[in-house]
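The values are calculated or read from the model by the stated rules, or taken from the named source; none is laboratory data. Please read these numbers as outputs of a predicted model, since none were measured by experiment. Note that we place each Cβ from the backbone using ideal geometry, even for glycine, and neighbour counts take in every protein chain shown.
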Amino acid sequence: MASFILSFLLLILGMQANRAVGCIERERNTLLSFKAGLTDPFNFLSLWEGRDCCKWTGVVCSNTTRHVVKLKLGNLALSGEINPSLSLLSDLKHLDLSMNNFNGISIPTHIGSLHKLKYLNLSNACFSGTVPAQLGNLSNLRYLDLSVELSLSCMMSVGNNMWWLSQLSSLKYLDMSNVYLGDVPNWLETINMLPSLEVLHLPNTLLNGIPSSLSDVNITALKVLDLGNNGINSTLPTWLWNLTHVTYLDLSFNNFQGLIPDELSSLKSLSSLFLKYNNFKSMSPRAFRNLCNLNTLDLSEIGFSGDISEWMDALAGCALYKLQNLYLGYNNLKGNLSGWLENMTGLSSLDLSYNSLNGTIPLGVWEMPNITYLDLSSNSFEGVVSEVQLNHLGGIQELFLSNNSIVVRCSDDWIPSFQIEAFGLASCQLGPKFPTWLQGQTQLEYLDLSNNQIVETLPSWFWTISQSLNYVDLSNNQIKGNLPLLSDLTMLQMLNLSTNQFEGPLPSLPPAIISLDLSNNFFEGPLSTSILPELSFLILSNNNFDGTIPHSLCKSFDLMLLDLSRNNLSGELPQCLGRSQERLFIVDLMGNNLSGGVPDSICYQESLSLLNLDNNNLSGEFPSSLQRCKELVFLDLGQNKFSGAIPTWIGEKSLSSLMLLSLHSNMFSGSIPPQVLQLGYLQVLDLSHNNLSGIIPRSIGNFSWTALERGGKTEDVEQLEQGRFYTFSASFLLVIKGDERLYSNILDLLESIDLSDNNLSGEIPDEIGDLWALQNLNLSQNHLSGSIPDNVGKMKYLESLDLRMNNLSGTIPQSLSALTYLNHLNLSYNNLSGPIPTGNQLQTLPDPSIYIGNPYLCGPPITKNCSTNETIHGFSEGPTNTSNKFERLSLYVSVILGFITGFWAVSGSLLISKSFRYGYFTLIDTTYDKLYVAVALALARLRRKIEQSE
């Protein structure tokens with residue numbers, strides 16, 4: 001016993017001696033070398049000094065050995081390099097470098113030398129490149145987090161092999177979110193070799209498919225499985241049903257199809273199930289039979305339809321009453337809420353938005369005792385919601401009733417029984433007064449009162465009701481007045497005041513603002529020069545702003561969308577715009593007075609997809625800097641003063657994603673590059689009102705958006721179609737059917753070619769008949785010759801055809817009458833001849849002016865009759881008839897000129913000279929007989945020629 005006590009005392013003394021000594025000197029020097037390679041902008045490591053490194057920030061030592069066992073350096077804004085000396089910390093078990101910024105360097109291979117590591121967290125630290133296989137040497141690893149926050153400079157992959165992962169047999173936690181795994185064909189086989197794995201996060205990794213079955217399932221210890229947002233196109237794999245310990249399953253944002261089967265009920269431990277944004281056809285009525293632990297179910301946007309009560313029958317039993325969070329939004333569910341929803345008394349969150357539900361909202365819904373989140377927006381609910389119903393929601397935190405036929409009617413002096421955080425009341429007929437009962441909502445963060453017919457001035461207390469306001473949407477009302485200083489709203493991130501009657505100058509803006517939409521108001525004066533570092537979306541279109549575009553915009557490094565269109569801005573574009581904005585996606589500056597050229601910086605980051613500079617005073621040649629805009633979808637440089645040739649590189653690899661190219665109303669010259677007409681995705685081409693010459697390239701037959709059917713849409717096109725950027729809708733001025741129109745959405749609606757008002761010559765290529773999907777073709781006001789191609793009738797979707805003011809000849813093709821969609825036609829002022837085709841769609845175009853200026857056309861709707869000889873002569877086309885026509889014409893001209901000349905020569909002499917008058921009349925008597933014979937012979941010849949021509 002005494003020896004035991006002595007040993008214990010010696011151990012205590014040894015531990016105290018170690019504490020007195022501090023950390024091991026070698027490891028202290030190693031840490032200093034590690035620190036020397038780092039950049040520490042906030043001096044978090046400034047306390048790394050003194051002898052005892054165990055007391056330094058983020059350093060943890062063993063109490064017994066004094067070896068460094070943990071480095072906890074997450075979220076310190078560190079950057080720089082990771083010194084290889086780190087591998088000398090041989091006892092290190094825990095390394096956390098997460099939430100720093102290593103500026104795209106690769107994960108150091110020497111981390112694989114830290115063999116005692118059990119915890120490694122490199123998440124969101126902006127590493128890039130390929131994950132080193134040396135990490136497979138960390139055989140003691142229990143926790144591995146390599147997840148990344150996606151950006152152009154921080155992208156990581158595992159290459160085409162991740163077998164090194166199978167060596168981490170003790171691994172329990174693995175997170176590789178946003179790490180590219182698309183080149184790994186056997187990812188699941190590798191994961192299946194980790195029998196201890198309990199948590200697996202692989203969202204947004206672009207997994208290379210998913211096996212439907214496994215011969216031997218080894219990952220049965222899994223409790224958390226996240227495979228969301230991978231685009232997996234499959235039915236639900238059968239190996240899932242072996243994961244009987246799983247409590248959290250996320251398969252959302254994929255393309256899983258088919259049936260949600262009975263086997264789902266075998267996952268009895270499941271508490272959270274996310275299947276949203278898939279394409280399931282149906283669900284077995286017994287799929288949720290045994291899921292008694294289920295408290296969160298997300299079936300949003302998975303293709304469900306039919307009566308909602310039938311789907312709720314599938315939840316009958318223990319799941320129905322245990323559910324706390326139910327999300328069924330963005331489906332096509334019908335029916336009403338009565339008879340089932342009132343029974344789900346355990347619900348705290350319910351989302352039924354964007355369905356086709358109808359009827360009134362039953363009182364039982366308002367009386368659900370635990371409800372904190374309720375979203376019934378964008379359905380067909382009706383009736384009046386008053387303060388009586390709303391007062392039942394004593395614990396409500398988020399309520400969304402927008403876009404129904406609901407009328408929210410509360411008295412001005414009502415004091416709500418709740419303090420709400422999010423209120424969505426768009427289109428609830430709150431106006432004409434502003435709801436004063438909002439004044440006491442001091443916890444408000446989200447407020448949507450858009451489209452409520454509010455007509456009064458915004459009350460001054462509105463901007464001070466809550467210091468937590470971060471989302472405000474008052475758009476589509478008639479709210480008047482000026483804006484106060486908003487810089488004190490330090491939490492405000494999204495402000496939408498569009499389509500109102502606000503006026504006055506733009507005040508100082510909140511420093512944290514991310515999205516600002518003040519479009520369609522009466523604001524005036526210069527733009528703010530404040531630096532807004534968080535700004536991503538700026539929409540100030542259709543106001544009266546003037547002055548220049550401030551250079552401070554270049555400091556908004558996260559800017560994605562810039563819309564300053566339809567204002568009075570002048571001066572040059574900032575030369576820095578786009579240089580440091582790697583996510584700049586949309587720039588719309590149309591309808592201003594901007595001058596100068598397009599800055600070289602605009603495509604510096606190559607992310608731009610839409611550039612609209614229409615209707616300004618920009619000049620110079622076609623901007624060569626646009627070659628870098630490899631993701632450009634819409635380009636509009638119309639109504640400026642650009643000149644020179646259209647470069648051929650537009651139609652080559654540089655701008656291969658272009659859907660719209662508008663260069664109208666400039667001073668471009670030279671020929672049309674054939675390459676431009678071969679762009680695979682081009683949908684709208686407008687080169688009108690320039691000085692282009694030469695022929696129309698035969699490659700025009702390759703122009704068609706139908707290429708999308710062959711090759712699929714580009715990612716940039718899909719992003720624009722899905723409304724990725726706020727509610728922005730690109731607007732373009734196009735001349736269609738003779739009128740200038742502003743098109744706001746053309747992605748699926750229009751295919752158009754406009755080459756009008758140039759100096760083009762030659763014939764219209766026969767290849768034009770290949771444009772079967774084209775809807776608008778305008779070749780007017782050129783010098784085109786030859787005939788209209790017969791195969792114009794193959795353009796079956798053509799709605800507008802304008803060929804006026806050219807030198808076209810021949811007859812109008814009969815095939816034109818086969819164009820059943822044609823509703824605008826103009827062939828005036830050409831040399832067309834013959835009868836106008838009849839029948840079908842042409843009968844609906846009775847306006848004779850569309851054929852005016854073609855003297856040899858006949859038949860309805862013009863008055864010239866094709867049955868008269870005169871008319872027939874006009875459109876005879878044989879070689880003999882053509883010769884006779886010109887012979888008759890020369891004879892008529894000779895006779896008329898001879899008569900005029902002779903008349904005045906003789907009459908003038910007779911008036912002046914008496915002797916000439918005597919001699920003249922004597923000559924008449926002697927030559928009368930000869931003249932009579934000559935005239936008779938001439939008339940006889942003329943008569944024979946006319947008879948021959950008939």
Flagged pairs (Cβ under 6 angstrom, 6 or more apart or on separate chains; first in region 612-635, β-branched (Val, Ile, Thr); second assigned to a loop (DSSP other than H, G, I, E, B)) are VAL633/SER609; VAL633/SER657; VAL633/MET659
Considering region 639-673, residues that are polar (S, T, N, Q) and buried (at least 23 other Cβ atoms within 10 Å of the Cβ), and then whichever is nearest to LEU755 (Cα to Cα), we arrive at SER662
SER98: passes all of (1) in contact with a helix residue (DSSP H, G or I) (Cβ under 7 Å, 6 or more places away or on another chain); (2) within 14 Å of SER123 (Cα to Cα) but (1)
Per the filter on region 490-514, residues of a type in the set (Gly, Ala, Ser) and surrounded by fewer than 20 Cβ atoms within 10 Å (Cβ to Cβ) are GLY504, SER508, ALA512
Only one of (1) surrounded by fewer than 19 Cβ atoms within 10 Å (Cβ to Cβ); (2) polar (S, T, N, Q); (3) within 19 Å of LEU92 (Cα to Cα) does not apply to SER123, and that is (1)
Within region 833-862, the count of residues that are of a type in the set (Phe, Trp, Tyr) and either touching a Gly at 6+ places or on another chain (Cβ under 8 Å) or farther than 15 Å from GLY810 by Cα (or both) comes to 1
Among strands (runs of 3 or more DSSP E) completely within region 408-511, the ones holding 3 or more residues that are more than 29 Å from GLU382 (Cβ to Cβ) and touching a residue at least 40 places away in the same chain (Cβ under 8 Å) are none
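A quick yes/no check of all residues on (1) at pLDDT 95 or above; (2) under 51 Å from the mean Cα position of the chain (by Cα); (3) surrounded by 16 or more Cβ atoms within 10 Å (Cβ to Cβ):
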residue: LEU11; (1), (2), (3): no, no, no
residue: GLY14; (1), (2), (3): no, no, no
residue: CYS23; (1), (2), (3): no, no, yes
residue: PHE42; (1), (2), (3): no, yes, no
residue: LEU73; (1), (2), (3): yes, yes, yes
residue: LEU97; (1), (2), (3): yes, yes, yes
residue: ASN103; (1), (2), (3): no, yes, no
residue: PRO108; (1), (2), (3): yes, yes, yes
residue: LEU117; (1), (2), (3): yes, yes, yes
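Hey, among the residues in region 653-668 that are in a strand (DSSP E or B) and within 14 Å of PHE634 (Cβ to Cβ), which one's nearest to the chain's Cα centre (by Cα)?
LEU660
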Note on LEU227: of the conditions (1) outside the structural domain of ASN160 (by TED's automatic domain parsing); (2) touching a Ser or Thr at 6+ places or on another chain (Cβ under 7 Å); (3) surrounded by 18 or more Cβ atoms within 10 Å (Cβ to Cβ); (4) not small (Gly, Ala, Ser), unmet is (2)
For region 191-203, the count of residues that are touching a strand residue (DSSP E or B) at 6+ places or on another chain (Cβ under 9 Å) and assigned to a loop (DSSP other than H, G, I, E, B) equals 5
Scan region 54-70 and give yes if some residue there is surrounded by fewer than 16 Cβ atoms within 10 Å (Cβ to Cβ), touching a residue at least 60 places away in the same chain (Cβ under 8 Å) and in the same structural domain as HIS115 (by TED's automatic domain parsing), otherwise no.
no
Okay, strands (runs of 3 or more DSSP E) sitting entirely in region 780-860 with 1 or more residues that are out of contact with any helix residue (DSSP H, G or I) (no Cβ under 7 Å at 6 or more places or on another chain) and over 27 Å from ARG698 (Cα atoms), I get 831-835
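Answer with yes or no whether SER536 is under 24 Å from the mean Cα position of the chain (by Cα) and either among the hydroxyl-bearing types (Ser, Thr, Tyr) or within 24 Å of GLN453 (Cα to Cα) (or both). Give the derivation first.
Working: under 24 Å from the mean Cα position of the chain (by Cα): yes; either among the hydroxyl-bearing types (Ser, Thr, Tyr) or within 24 Å of GLN453 (Cα to Cα) (or both): yes.
So SER536 fits the description; yes.
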query: Do we have SER215 as outside any loop (DSSP other than H, G, I, E, B) and surrounded by fewer than 18 Cβ atoms within 10 Å (Cβ to Cβ) here?
result: no
Expected single match for surrounded by 17 or more Cβ atoms within 10 Å (Cβ to Cβ), on the phi < 0 side of the Ramachandran plot, in contact with a Cys (Cβ under 9 Å, 6 or more places away or on another chain) and at pLDDT 90 or above among LEU267, LEU294, LEU299, LEU249 is LEU294
How many residues of region 606-638 are in a loop (DSSP other than H, G, I, E, B), of a type in the set (Asp, Glu) and surrounded by 18 or more Cβ atoms within 10 Å (Cβ to Cβ)? The answer is 2
PHE522 meets each of (1) under 23 Å from LEU637 (Cβ atoms); (2) modelled with pLDDT of 95 or more; (3) surrounded by fewer than 23 Cβ atoms within 10 Å (Cβ to Cβ) with one exception, condition (1)
>> Any residue that is in contact with a helix residue (DSSP H, G or I) (Cβ under 6 Å, 6 or more places away or on another chain) and either closer than 21 Å to GLN429 by Cα or surrounded by fewer than 19 Cβ atoms within 10 Å (Cβ to Cβ) (or both) - is there at least one of those in region 317-330?
In response: no
